[in-house]
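Step one of this worksheet: look at the structure below.
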Amino acid sequence: MSFSFNETNSLKIEQLAKRYPQKKALILPLLWLTQKQEGFISDEAMTKISEISQMPYMHICSVATFYTMFKLSKSEKRVIEVCRTLSCELNGSEMIKKHLLENHSDKYEIIEVECMGACGGAPMCTLDGKYMESVTPKMLDEVLNAD
């Protein structure tokens, strides 16, 4: 199976290539585009990113596996990420994670991640990549039960 970027992302890559004089700098944007397009990053996609960035496949793989926000396999369930860094933890992320595991783990994959970069809205979660700030168990139940 071969991977290719769709037409929209191919145009974005052309624009990105103009902004970054070193092709190596394209790695993170290409990983993001891949995940947004496919929902995860496959071996075939990493091979394509290797070709575009002119970096070895293993370098692409090491970058993709270093960051917790990149998914290397397609999830069978919808994904909820719970931030576990200091601001979120001080504002209740552990309680949020416990609530999700006890009440929603049958339908959702619950993943702890590092800082989501929105500490002012702690505790933070994402549902399928969409930010939810100042999360409470009640708020989560309302959002998740509305689906």
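Table for the structure above
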{"quantity": "Spatial separation of Cα centroids for the range 1-74 and the range 103-147, in angstrom", "calculated": "26 Å"}
{"quantity": "Sequence-distant lysines (8 or more away, or on other chains) whose Cα lies within less than 25 Å of K98", "calculated": "K71, K74, K77, K107, K130, K138"}
{"quantity": "D147, D43 arranged by Cβ crowding within 10 Å, fewest neighbours leading", "calculated": "D147, D43"}
{"quantity": "GluC sites (Glu not before Pro) within the range 38-147: DSSP coil, no more than 16 neighbouring Cβ in 10 Å", "calculated": "E76, E114, E133"}
{"quantity": "Whole-Hz ³J(HN,Hα) from phi, Karplus 6.51 cos²θ - 1.76 cosθ + 1.60, for the range 7-13, glycine and proline x", "calculated": "4, 4, 5, 4, 5, 4, 5"}
{"quantity": "Exposure proxy ranking, count of Cβ atoms within 10 Å, fewest first, for T8, T136", "calculated": "T8, T136"}
{"quantity": "L144-K77 pseudo-label distance in nm [points 7 Å out on the Cα-to-Cβ vector]", "calculated": "0.8 nm"}
{"quantity": "Partnerless Cys - the chain, beta-carbon criterion under 4.7 Å", "calculated": "C61, C115, C119, C125"}
{"quantity": "Computed label-point distance, nm, for sites F70 and E133 using a 7 Å Cα→Cβ extension", "calculated": "2.8 nm"}
{"quantity": "Radius ratio Rg over Rh of the chain, counting only Cα atoms, Kirkwood formula for Rh", "calculated": "1.03"}
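Coordinate-derived values only; no laboratory data. All figures in this text were calculated on a predicted structure; none of them were measured in a lab. Counting neighbours? That spans all protein chains shown, and the Cβs are built from the backbone with ideal geometry, glycine included.
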